[in-house]
Amino acid sequence: MLCVAAMACTVSARADTLKQQVDGWRTAHEQDILTPFDTLIRFHSVAAEPQGIAAAAGWLQDALKTRGFQTELLAVPGAPPVVFGSLPTPGATRTVVFYAHYDGQPVTPSQWATPPFDPVMRSGPLGSGEHVVDWKTATPPYDPEWRLYGRSAGDDKVSALVFLQAFDALKALGRRPSVNIKVVWEGEEEAGSPHLQEILRKNADKLSADLWLIGDAPVHQSRRPLLYVGARGITGFDATIYGPIKPVHDGHYGNWVPNPAALAAELVAEMRAPDGRVLIPGFMDEVRAQTSAERKAIAALPPVAGELKQEFQIAQPETTDRLIEAIMRPALNVRGLRAGKVGTAATNAIPVDAELSIDFRLVPDQTPEHVRAQVEAFLRAKGWTIVDRTPDEATRLAHPRIIKIDWEAGYAAFRSDMSSPTARAVMAAAQSASDMPLAISPMLGGSVPLYIFDEIFHAPIIGLPVANHDDNQHAANENIRLQNVWDGIDVYAAMMAELSW
């Protein structure tokens, strides 16, 4: 029986023994595990700081070398290096690539409770009555609810950390991997992976494998371990909507001079329904139907609405759909809307422009190119004139509705076959590493460029996330819960030592 259908797989005695052995090793080495993690988080590995990126890449390469991996920094001009490692296993017939990224989102230090690259352990989430913990002098075993705070702790340096520690655990236990192992750690995922495709194509032969495991994203909101077999794609734009050439008195000219703030709000309402549905004609035409296995997996996921409403302090969601059902369809998200001023800075004037930032989360088989064409056709049908630069006087006088659009490149969504022998093997190994039933999702809500790996390598791709769902990913005070680190070591050890298909 397929694990995804029943959401619980039979656990073999040998796999149980491996988990127990790895847990025993981890309990005896908790401080040793966190010490290199502390070091790794301290690297300022964000796109704006190439020295920090280079230092993190060098540290990771050295970490692989000391463990016997053949290593190389893969790069093209203008790109942070991809850290590549390879370790063959005598007699193994399968090769698995473990992917993660070591770069993090940009930071605004003033928004953080403590400096983002100076890791701090706390006894729980911020605002929960937590306190700072001096883990370096505390006696293990540590409280699994403790959290280590720092940029990229959860997204995504933890995946590299648990890989290294799982490898150390297996070596200490005398367990040889069951597969040939390759590692691909990227350095510009948070910048949209603009050079990843070129790097992968240039090194396609050395990166060939039977399976790619993607160590990005959080686990399920129920805290169950999660596997995902797809991810939404993304594209988006920043737009400027133009009003009068100068601010004008809204008493004298309101109801007569077009108000760009009102036009922006009207445009959003025309594109997006209150329940989140995209109203652009034809937008759903390319959406791929769900398979029977995917529908069973969706139905088996535990409910999380009650806990999330409490966590986010919202009375109800936009939609009556379950969270996973909402994720399975495309989304139009208003990232930002700015016009004029508010509060004590407000003036009784019609503003000269309004700025709008939107992203589209795509699902198979939508493409960024087709979405762009649909959006622009929709705008023109609504009477908008689309420009690519600030309009001059002649353009302003000739067209009543002018919008300047700057599109992002984006990338397509991807969803693989969750019924394949490879997927079943990964599910079985993951279940052997956990005392809780797996959560299997046909698609991740966030966007990961899985289509690039599929396009080049045509190998199965499965997401193997580690971080807690409330890790403040992409926000201030990012953190990783210790139990997620411990669970990650278990599941990565199983992937190295138990995978067989």
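Here are some notes:
- Figure legend. Inter-residue proximity from region 164-178: first residues assigned by TED's automatic domain parsing to the domain that holds Gly68 and charged (D, E, K, R), second residues modelled with pLDDT under 95 and surrounded by fewer than 24 Cβ atoms within 10 Å (Cβ to Cβ), beta-carbon distance below 9 Å, spacing 6+ or different chains. No pairs are indicated.
- Residue list for region 308-325, filter: farther than 30 Å from Ser419 by Cβ and either among the charged types (D, E, K, R) or in contact with a His (Cβ under 9 Å, 6 or more places away or on another chain) (or both): Lys309, Glu311, Glu318
- Those residues of region 417-436 which are part of a loop (DSSP other than H, G, I, E, B) and under 18 Å from Arg295 (Cβ atoms), in sequence order: Asp417, Met418, Ser419, Ser420
- Any chance Pro125 is crowded, with 20+ Cβ neighbours inside 10 Å, under 21 Å from the mean Cα position of the chain (by Cα) and either part of a loop (DSSP other than H, G, I, E, B) or β-branched (Val, Ile, Thr) (or both): no
- Here Ala293 meets each of (1) in contact (Cβ under 8 Å) with a residue 24 or more places away in the chain; (2) assigned to a loop (DSSP other than H, G, I, E, B) with one exception, condition (2).
- Restricting attention to region 53-72, the residues that are within 23 Å of the chain's Cα centre (by Cα), crowded, with 19+ Cβ neighbours inside 10 Å and of a type in the set (Gly, Ala, Ser) add up to 2.
- Among the residues making up region 204-246, a single one is among the polar types (S, T, N, Q), closer than 21 Å to Phe414 by Cα and in a loop (DSSP other than H, G, I, E, B): Ser208.
- Residue in region 255-275 that is modelled with pLDDT of 95 or more, surrounded by fewer than 16 Cβ atoms within 10 Å (Cβ to Cβ), closer than 26 Å to Gln473 by Cβ and not aliphatic (A, V, I, L, M) present: yes
- Each residue in region 321-353 was checked for being part of a helix (DSSP H, G or I), farther than 25 Å from Pro442 by Cα and among the small types (Gly, Ala, Ser), and 2 pass.
- Residue pairs meeting the criteria (Cβ under 9 Å; at least 6 apart or on separate chains; first under 16 Å from Gly306 (Cβ atoms), in region 317-344; second of a type in the set (Ser, Thr, Tyr) and not in a loop (DSSP other than H, G, I, E, B)): Ile324/Ser441
- Qualifying positions in region 86-99 - out of contact with any helix residue (DSSP H, G or I) (no Cβ under 8 Å at 6 or more places or on another chain) and under 26 Å from Gly187 (Cα atoms): Ser86, Leu87, Pro88, Thr95, Val97
- Test: residue in region 145-156 that is more than 16 Å from Met121 (Cα to Cα) and either modelled with pLDDT under 95 or not in a loop (DSSP other than H, G, I, E, B) (or both): yes
- Remark: pairs (first residue in region 59-72, assigned by TED's automatic domain parsing to the domain that holds Val97 and over 14 Å from Ile181 (Cα atoms); second residue surrounded by 15 or more Cβ atoms within 10 Å (Cβ to Cβ) and small (Gly, Ala, Ser); Cβ separation under 7 Å; 6+ apart in sequence or on different chains) = Leu60/Ala160.
- Test: Val83 is assigned to a strand (DSSP E or B) and in contact with a helix residue (DSSP H, G or I) (Cβ under 6 Å, 6 or more places away or on another chain): yes
- Of the criteria (1) charged (D, E, K, R); (2) closer than 21 Å to Ile327 by Cα; (3) part of a loop (DSSP other than H, G, I, E, B), which one Arg372 fails: (3)
- Any hit, region 188-198, residues being out of contact with any helix residue (DSSP H, G or I) (no Cβ under 9 Å at 6 or more places or on another chain), assigned by TED's automatic domain parsing to the domain that holds Val96 and farther than 20 Å from Gly78 by Cα: no
- Breaking point among (1) in a helix (DSSP H, G or I); (2) among the hydrophobic types (A, V, I, L, M, F, W, C); (3) in contact with a Leu (Cβ under 9 Å, 6 or more places away or on another chain), for Phe283: (1)
- Of note, Ile386 does not satisfy the criterion of being surrounded by 13 or more Cβ atoms within 10 Å (Cβ to Cβ), outside any helix (DSSP H, G or I), of a type in the set (Val, Ile, Thr) and touching a residue at least 40 places away in the same chain (Cβ under 8 Å).
- Filter result for the condition that a residue is touching a Lys or Arg at 6+ places or on another chain (Cβ under 9 Å) and assigned by TED's automatic domain parsing to the domain that holds His101, over Ala423, Ala459, Ala429, Ala467: Ala467
Conditions (1) free of Cβ contacts under 8 Å to residues at least 12 places away in the same chain; (2) within 30 Å of Val466 (Cα to Cα); (3) more than 37 Å from the chain's Cα centre (by Cα), marked per residue:
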| position | (1), (2), (3) |
| --- | --- |
| Arg224 | no, yes, no |
| Ile234 | no, yes, no |
| Thr240 | no, no, no |
| Pro244 | no, no, yes |
| Pro260 | no, no, no |
| Ala265 | no, no, no |
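The values are calculated or read from the model by the stated rules, or taken from the named source; none is laboratory data. Quick caveat, the model's predicted, so the values are computed rather than measured. Don't worry about glycine lacking a Cβ; one is built from the backbone with ideal geometry, like all the others, and counts go over all protein chains shown.
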